[in-house]
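Okay, structure first, notes after.
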Amino acid sequence: MAKKILLKNDHIPGIQSYDVYRANGGYASVEKALKSMTPETVLEEVKKSGLRGRGGAGFPTGMKWGFLAKPPGVARYLVCNADESEPGTFKDRYLMERIPHLLVEGMITSSFALGAETSYIYIRGEYYYILRILEKAIEEAYANGWLGKNILGTGFSHDVYMHIGAGAYICGEETALLESLEGKRGNPRIKPPFPAVAGLYGCPTVVNNVETIAAVVPIINDGGEAYAAIGIGKSTGTKLISASGHINKPGVYEIELGVPVEEFIYSDEYCGGMRNGKKLKAVVAGGSSVPILPADLILKTAKGEPRLMSYESLGDGGFVSGTMLGSGGFIVMDEDTSIVKNLYTFTRFYHHESCGQCSPCREGTGWMEKIMHKILDGHGTLNDIDLLWDIQSKIEGKTICPLGEAAAWPVAAAIRHFRSEFENYVKNPSSIRDVKHYFRVNNLEPALN
Ligand SMILES: Cc1cc2nc3c(=O)[nH]c(=O)nc-3n(C[C@H](O)[C@H](O)[C@H](O)COP(=O)(O)O)c2cc1C
Ligand code: SF4
């Protein structure tokens, strides 16, 4: 049976509304934290839980909170990253849409631990309808005394504000998000200083993903140890996975970390197997930025052990034979998928979304898109494949923010595992006819030289 913590009440009719949410145990973590705990003991529970950030990097949440600077007389902020911009990822949307009060509750309990009297939820422009859902939940929380001044008579006051982005991938990067929240163009900042020291308006700030903040609720309700007992090794708790692609049952699944990848793809409890009985060809396991793996390496590690849905197991083998859990955007591809066409879509995306501050990313993403286009347009050479490899290797580690790596890793992995497919496009121009059709139906102007 799937272990449900975040989505355990997802099936209850009306759970979006305050009354039903409260009747099913809602806001108990706020009551517990504010009335019987201190900010320090809440932080202790989060540390004990082993919770790792669900936005993509998997950084330990308790450790991040522990870094928050506390200069006297200076405001501190909690900012919820609801930008959900990583292609293949749609789990925050599901959580906010279905159980909006869980996020609001998590914001209050987390802010209490951080000593933040103000918090923000930064949500992507495309989620306008969810903005409305969350605004209603926030209003209800104010009306019932969970937000505002002197909550539950404990002396803790808190206000939550929503802020809507304009639809840029880069605004999901935490420092670009803070710039955007301050009303500026969403360009990532050079770190250090890190947001924990100088974040929003120059004040100490914690930026956390929607799912991370929601997970604080069961951690405080049931205790950090109970949460840490779920999952495997340092991958504690549950994770929301956005499953898409050529599977029978695409959707959002809450899994206990440690479920075998094979079970996740083939069991009826999750993806329900491959669509039309096709063979599995490859998986992008953690959103478009993480390395693609061919079927044999996603199902088993290079050592022949079953690959598990956990930070460690998916990372086993580094980028030579492994990948990352990332944001949990699990894109499944069957035997008919062209890895080269798929990669072209990704390279177009990253070129479009680069903010342009650093040359390796600004120029490199453009060059990669152009070379991919050239190969798909029937004019590629074998040298172009080496050139692609060379360009991606010169982006990694040389940019202000990780968008550079996010653009480079998919290229490296596609060439590493599927080089023969690139060579086939170069050596066999007859396969190109199909590509011209692809350009046409997808409205992609083959106008790059
Ligand atoms: C280009 C780029 C886009 C990102 N997009 C998101 C996003 O949409 N949502 C998110 O939570 N984190 C995103 N991140 C990660 C954030 O920078 C940050 O690490 C995260 O919000 C921290 O929250 P967590 O510790 O709870 O994971 C992105 C990072 C990069 C480099
Ligand atoms: S790596 Fe790319 S997106 Fe990030 S700051 Fe540099 S140019 Fe902008």
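A few remarks follow.
- Where N is the number of residues in the stretch 339-441, Cα Rg divided by 2.2 N^0.38 Å: 1.03
- Hull shadow area, averaged, the stretch 18-229 [alpha-carbon convex hull, nm²]: 11.0
- GNM flexibility winner over the chain from Tyr18, Tyr253, Tyr266 (Cα, springs under 10 Å): Tyr266
- Amide N proximity, the stretch 86-117 versus Ile133 label position 7 Å along Cα-to-Cβ, cut-off under 20 Å: 86-108
- Between Lys184 and Phe67, the simple spin-label model (points 7 angstrom out along Cα→Cβ) gives 2.0 nm.
- Scattering curve values for the chain, log₁₀ I(q)/I(0), Debye with Cα scatterers, q = 0.14 Å⁻¹: -1.33
- Distant-in-sequence amide H partners of Ser310 (H built 1.01 Å from N, under 5 Å): Gly258
- Nonlocal amide H pairs with Asp334, under 5 Å, H built at 1.01 Å: His246, Lys281
- Applied to the stretch 309-318, the Karplus parametrisation 6.51 cos²θ - 1.76 cosθ + 1.60 on θ = phi - 60° returns per-residue 3J(HN,Hα) values of 7, 8, 4, 6, 5, 5, x, 4, x, x Hz, with x for Gly and Pro.
- Centre separation in Å (Cα based) which lies between the stretch 199-243 and the stretch 352-410: 34
- Normalised contact order of the stretch 339-441, rounded percent, pairs of Cα under 8 Å and 6 or more residues apart: 33
- Whole-number percent relative contact order across the chain, with pairs defined as alpha carbons under 8 Å at least 6 apart: 16
- Listed residue (Ile385, Met162, Thr175) projecting farthest to the positive dipole end of the chain, Cβ model: Ile385
- Net charge dipole size for the chain [Lys, Arg +1 and Asp, Glu -1 on Cβ; Debye, nearest 20]: 340
- Between 0 and 90°, nearest 10: helix 359-376 axis offset from the chain longest Cα axis: 50
- Helix axis angle, 100-114 relative to the chain longest principal axis, alpha carbon, degrees: 70
- Of Asn144, Ile265, Ile395, farthest towards positive along the dipole that unit charges on Lys, Arg, Asp, Glu beta carbons give the chain: Ile395
- Using θ = phi - 60° and Karplus 6.51 cos²θ - 1.76 cosθ + 1.60, couplings along the stretch 130-140 (whole Hz; Gly, Pro as x): 6, 3, 4, 4, 5, 4, 5, 4, 5, 4, 5
- Nearest 10 degrees, 0 to 90: helix 339-353 Cα axis against the chain principal axis: 50
- For Val207, the residues whose amide H sits under 5 Å from its own are Val79, ignoring neighbours fewer than 5 places away on the same chain, with H placed 1.01 Å from N.
All of the numbers you see were taken from the coordinates with simple rules; none came from a lab. Treat the numbers as computed from the prediction; the structure is a model and nothing was measured. Every residue, glycine among them, receives a Cβ derived from its backbone with ideal geometry; neighbour counts consider all protein chains shown.
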